[in-house]
1. Give the long-range amide H neighbours of Gly108: residues separated by 5 or more places, or on another chain, with amide H under 5 Å away, using H modelled in the peptide plane at 1.01 Å from N.
2. Once amide H atoms are placed 1.01 Å from N in the peptide plane, what residues at a sequence separation of 5 or more from Leu85, or on another chain, have their amide H within under 5 Å of its amide H?
3. Dipole magnitude of the chain about its Cα centre, charges +1 at Lys/Arg Cβ and -1 at Asp/Glu Cβ only, in debye to the nearest 20?
4. Give me the percent of the accessible area of the chain that comes from carbon and sulfur atoms, probe 1.4 Å, all protein chains in place.
5. Could you pull out every one of the lysines with an alpha carbon less than 21 Å from that of Lys86, ignoring same-chain neighbours closer than 8 positions?
6. In segment 1-53, what is the volume of the convex hull around the alpha carbon atoms, normalised per residue and reported in Å³?
7. I'd like the Karplus ³J(HN,Hα) series for segment 61-78: coefficients 6.51, -1.76, 1.60, θ = phi - 60°, whole numbers in Hz, and an x wherever there's a Gly or Pro.
8. Per residue, how much accessible area does the chain have with a 1.4 Å probe, in Å²?
Amino acid sequence: QVQLVESGGGLVQPGGSLRLSCAASGSGFSFYVMGWYRQAPGKERELVATISISDSTNYADSVKGRFTISRDNAKNMVYLQMNSLKPEDTAVYYCNGRRLGRSTWGQGTQVTVSS
């Protein structure tokens, strides 16, 4: 089973961009469906984007056209490019990996969009 570590969060002004990275250690990464989720204060964790083992992608309506998920199986990495950020994108962002009914989470990285 893989272990996941996120990085790349921080403070950014509205309209700005950030790129989140998720490093996976362990075997079988290419067989995992990978995703990014987020949780804002006082709210439930929600899906942001997923990418399948065949690179098919899925996005929440709130981020379509602004965020892009990608993966590099050679490097065991997943990325989330976030453009045109809004204050409502402020949240802790979590990397997730799913395979054979089992789910693995990273520790999360804080993204704050504020002027």
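1. Residues meeting the amide H criterion: Glu6, Cys95.
2. Under 5 Å from the amide H of Leu85: Gly15, Gly16.
3. The dipole magnitude comes to about 160 debye.
4. So the carbon and sulfur contribution to the accessible surface is 48 percent.
5. Counting by Cα, and skipping residues close in sequence, Lys86 has these lysines nearby: Lys43, Lys64.
6. Taking only Cα atoms, segment 1-53 has a hull volume of 110 Å³ per residue.
7. Each residue's phi maps through the Karplus curve to give 4, 5, 10, 4, x, 10, 10, 9, 9, 8, 9, 10, 5, 5, 9, 6, 10, 10 Hz.
8. Value for the chain: 52 Å² per residue.
The values are calculated or read from the model by the stated rules, or taken from the named source; none is laboratory data. This one's a predicted model, so the numbers in the text were calculated from it and none came from an experiment. Quick reminder, even Gly has a Cβ in these numbers, built from the backbone with ideal geometry, and neighbours come from all protein chains shown. We work out accessible area using only protein heavy atoms, side chains counted, and drop any ligands, DNA or RNA first. Shrake-Rupley method; radii C 1.70, N 1.55, O 1.52, S 1.80 Å.
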